[in-house]
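The values are calculated or read from the model by the stated rules, or taken from the named source; none is laboratory data. As the structure is a computational prediction, the values presented were derived from the model and not from experiment. Every residue, glycine as well, gets a Cβ built from its backbone with ideal geometry; the counts of neighbours run over all protein chains shown. Just so you know, the surface numbers come from the protein's heavy atoms only, side chains and all, with ligands and any DNA or RNA stripped out. Shrake-Rupley method; radii C 1.70, N 1.55, O 1.52, S 1.80 Å.
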Amino acid sequence: MVEIRSYHYDPAKFEAYKTWAIEEAVPFLKANLNIVGFWLDNGSPPEIGGSNPADMPLGSANITWIIGWDSMEDRAEGHQRVFQGEGWQDIWSRHPDANGYLQMEARFAEAV
């Protein structure tokens with residue numbers, strides 16, 4: 001299974017977040033989790049369509065990353081091991097603004 005994480009990060013602080021993510025967070029996460037991919041908005045406008053496109057007050061997510069897991073139990077153990085560990089706590093202490101996450105979403109999918 002995969003966990004798809006989407007964040008709406010404060011656009012006014014996004015450049016500082018990108019620097020932190022690229023230089024510190026992503027290398028650590030890739031070394032400690034099964035990261036399928038980590039994407040940061042590049043400034044291009046989103047394409048939104050469908051028969052009933054919704055007005056999204058925060059716009060589209062500007063950060064998306066996917067983690068592969070064996071199960072929900074594996075996810076719970078992995079989150080505990082990685083995000084409560086000293087390595088992540090050290091990286092998190094240099095986060096440019098931990099309150100800059102306006103909205104966070106985690107959803108789960110199975111490969112077909």
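Which members of the range 93-112 meet the condition of being out of contact with any Phe, Trp or Tyr (no Cβ under 8 Å at 6 or more places or on another chain) and closer than 30 Å to P46 by Cβ? Within the range 93-112, N99, A106, R107, F108, A109, E110, A111, V112 meet the criteria. Determine if the range 49-63 includes at least one residue that is within 13 Å of V2 (Cα to Cα) and not aliphatic (A, V, I, L, M). Checking the range 49-63: not a single residue is within 13 Å of V2 (Cα to Cα) and not aliphatic (A, V, I, L, M). Within the range 84-99, residues that are closer than 27 Å to P11 by Cβ have Cβ atoms under 7 Å from residues that are surrounded by 12 or more Cβ atoms within 10 Å (Cβ to Cβ) and among the β-branched types (V, I, T) in these pairs: W88/V82, counting only partners at least 6 apart in sequence or on another chain. Of the residues making up the range 90-111, one or more are of a type in the set (A, V, I, L, M) and part of a helix (DSSP H, G or I).
Residue-level analysis places R75 outside the set of residues that are open to solvent by 80 Å² or more (accessible area, probe 1.4 Å), more than 13 Å from the chain's Cα centre (by Cα) and charged (D, E, K, R).
The C-beta contact set for the range 57-74 (first residue touching a residue at least 60 places away in the same chain (Cβ under 8 Å), second residue among the hydroxyl-bearing types (S, T, Y), distance under 8 angstrom, 6+ apart or interchain) comprises T64/S6; T64/Y7.
Would you say G87 is open to solvent by less than 50 Å² (accessible area, probe 1.4 Å), over 26 Å from M1 (Cβ atoms) and at pLDDT 95 or above?
It is false that G87 is open to solvent by less than 50 Å² (accessible area, probe 1.4 Å), over 26 Å from M1 (Cβ atoms) and at pLDDT 95 or above.
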